[in-house]
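Report on the structure given below.
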Amino acid sequence: MKRLIIVVEGDTEKEFIDKVLSPYLYSKGLQSVNCFKIKHTKGGLTKYRHLKTDLINCLYENNVIVSTLIDFYALPKDFPKYTETDKIVNKTERLSFLEKAIIEDIEKEKGKSFPNLFPYIQLHEFEALVFSSINAISSLFSNNEANFSEIENIINSHPNPEDINNSPLTAPSKRLKNTIQGYNKVVHGIMIIEETGIETILKKCPRFNNWIQSLIEKAKE
């Protein structure tokens, strides 16, 4: 059984890994899940080179699978092959292209393959997962605190939460701030996700689910 290391871009993602995802992965047989925020930055993913340095340092550890949990929204422009993604209309294909570009960039620099590197970019951002259950949101907030009709309209207007789009005005995090009074992504985002439950999130978010199932398989190889 391999150890799993996940590099994340912020406090919310780390809280999610530590409180929600790790217990689920342990229940599936994984024995070690470590998570840390990108180093050498004052917050968030501001430069690809910061993420690259952390990934390379992890890849040389023994018996590990190394992954990431970073947002597609506001991805730094210095990402490898970033400008080439404009030609790719399908968002899932665009993210797969970028994830592969990370692997190719690191393998090219180090002159060797890293089959233990498995980057993941969340479509469109982590907060999309928060939209997995209107019941979870309604159980935590009152009518005075949240605009439930608008939240339900957002959920019903997209095939799944991951498709809620990423403009500066309509990104999932922006929509949550606009519909839930005083929304704090670390506190309220994790509360909603815990209330929703990881199983529901996996059912509602197909790309996220594929990542998790692949992590489980790779850790057991």
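The values are calculated or read from the model by the stated rules, or taken from the named source; none is laboratory data. No experiment lies behind these values; they were computed from the predicted model shown. Cβ: placed from backbone, ideal geometry, glycine included. Neighbour counts: every protein chain shown. These accessible areas exclude ligands, DNA and RNA; they are computed on the full protein's heavy atoms, side chains included. Shrake-Rupley method; radii C 1.70, N 1.55, O 1.52, S 1.80 Å.
Of the residues in the range 39-67, how many are touching a helix residue (DSSP H, G or I) at 6+ places or on another chain (Cβ under 7 Å), in contact (Cβ under 8 Å) with a residue 60 or more places away in the chain and either open to solvent by 80 Å² or more (accessible area, probe 1.4 Å) or not in a helix (DSSP H, G or I) (or both)?
So the answer is 4.
Out of the residues in the range 177-199 that are in a helix (DSSP H, G or I) and open to solvent by 50 Å² or more (accessible area, probe 1.4 Å), which is nearest to LYS19 (Cα to Cα)?
Among those residues, the one meeting the criterion is GLU194.
Going residue by residue through the range 42-49, is there one that turns out to be more than 18 Å from the chain's Cα centre (by Cα) and under 24 Å from ALA128 (Cα atoms)?
Looking only at the range 42-49, we keep the residues that are more than 18 Å from the chain's Cα centre (by Cα), and these are 42, 49.
Filter once more, so that each one left must be under 24 Å from ALA128 (Cα atoms): 42.
Yes, there is a match, as at least one residue in the range 42-49 is more than 18 Å from the chain's Cα centre (by Cα) and under 24 Å from ALA128 (Cα atoms).
In this structure, is GLU145 modelled with pLDDT of 95 or more and open to solvent by 70 Å² or more (accessible area, probe 1.4 Å)?
Details: modelled with pLDDT of 95 or more: yes; open to solvent by 70 Å² or more (accessible area, probe 1.4 Å): yes.
Taking the combined requirement at face value, the residue satisfies it.
PHE36 is checked against (1) in contact (Cβ under 8 Å) with a residue 40 or more places away in the chain; (2) loosely packed, with under 15 Cβ neighbours inside 10 Å; (3) within 15 Å of the chain's Cα centre (by Cα) and fails just one. What number does that condition carry?
The number of the failed condition is (1).
If you take the residues of the range 108-135 that are touching a Ser or Thr at 6+ places or on another chain (Cβ under 7 Å) and among the aromatic types (Phe, Trp, Tyr), which of them is surrounded by the most Cβ atoms within 10 Å (Cβ to Cβ)?
Only one residue tops the list, namely PHE126.
Quick check on the range 104-139: of everything there that is out of contact with any Cys (no Cβ under 8 Å at 6 or more places or on another chain) and of a type in the set (Ser, Thr, Tyr), which residue is nearest to THR68 (Cα to Cα)?
Restricting to residues being out of contact with any Cys (no Cβ under 8 Å at 6 or more places or on another chain) and of a type in the set (Ser, Thr, Tyr), the top hit is TYR120.
Restricting attention to the range 75-95, report how many residues are open to solvent by 20 Å² or more (accessible area, probe 1.4 Å), of a type in the set (Ser, Thr, Tyr) and in contact (Cβ under 8 Å) with a residue 12 or more places away in the chain.
Within the range 75-95, residues that are open to solvent by 20 Å² or more (accessible area, probe 1.4 Å), of a type in the set (Ser, Thr, Tyr) and in contact (Cβ under 8 Å) with a residue 12 or more places away in the chain number 2.
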